[in-house]
Every structure is written in C-alpha cells, then in structure tokens.
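Structure first, then comments.
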Amino acid sequence: MQWYLKVLKQYADFNGRARRTEFWMFVLINTLISIALGIVDAAMGTATVYGNGAMYSFSPGILGGLYGLAVLIPSLAVTVRRLHDTDRSGWWILIGLIPLVGSIVLLVFTCLEGTRGPNAHGTDPKQPVMAGPQTDYPTMPV
C-alpha cells in the first residue's frame, strides 16, 4: 500500500525514476480497486455489461469513471518515471497508442530492469542516499 500512496503523493511528478516494485504495486492495487468499484457499480446498476455471443464488454459506472479520472495523471506519471528508470524518454509512453504491438513494447519496457547507477533522469532509486561522511569520531577544528 505504501507504493500506491507514494505514487499518489507524486501526483503529477514526471521527473525522476520509479522502480519496478513501485510501478507494478501501483498497477496491482489500482486494478484491485477498479475491480471492487466495478462490482459496486454493477450492484448499484450504474455499470453495464454488453454481451454479443462470445464477446463481452464492460462499461464502468459512475464510481469507476470518477476513479479512472482521478488516477489518470498519477498513472501516466509513474509510467513515465518507470521509462526514465530504463533510460528512455517519457515520450515512449506514446508507443502504447499503436494497436497491439505498442502495448506489448510498452509492457516489455516496464518489465526491464532499470539502469544501474545514475542516468540522464536521476540517481538510481535502488541505491541508498548517503547523508554525508559517516565517522565515529568528532572532527577537530583547524
């Protein structure tokens, strides 16, 4: 849950890098919340399921639609930061607009391990930040 809240706190921050854990935990919790809201919307009668033989589609209701709008910008931001971690420009997110192939390429990019060490988009989020020199003895004034 901390990863989900971290993404929401960085609501529109498209700078920096996001670890795979941060991205995929956000996707997981976002999916679970969307499913729960879909069930509530269906129970309230605001969601619609269309069926035509073997094809079914689901139209979200009021709650699902509002939630989708609320997490649209954080979803884009965390995806851009995830692309930054693999040393790619955030503009690569637009490849997802290409039917089928674009989504597969974007999925592969988000699954790849991030660049070790600093890259053009910031420091490695896996490396701890050092506060300064760590010594056990006091420094002597000169």
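Some notes on this structure:
- Pairwise label distance in nanometres, Ala43 with Ala12, each label 7 Å out on the Cα-Cβ vector: 3.5 nm
- Estimated from the Cβ-Cβ distance and a Förster radius of 30 angstrom, the FRET efficiency linking Asp124 and Leu100 is about 0.35.
- Largest first, the three principal axis extents of the alpha carbons in segment 2-111 are 44, 31, 19 Å in whole numbers.
- Highest mean first, the peptides 57-64, 96-103 sorted by other C-beta atoms within 10 Å per residue fall in the order 57-64, 96-103.
- Normalised by the number of residues in the chain, the average gap of Cα pairs under 8 Å and 6 or more apart makes the relative contact order 26 percent.
- Residues Asp87, Asp41 arranged by fewest to most Cβ contacts within 10 Å: Asp87, Asp41
- Entry note, the chain: the mean residue ellipticity at 222 nm calculated from DSSP H runs of n ≥ 4, each adding -39500 (n - 2.57), is -15000 deg cm²/dmol after division by the residues and rounding to the nearest 500.
Any read-out appearing in this document is the output of simple, stated calculations on the displayed coordinates, not a laboratory observation. The structure presented is a predicted model; accordingly, all values stated were derived computationally and were not measured. Reconstructed Cβ throughout: ideal geometry from the backbone, glycine too, with neighbour counts over all protein chains shown.
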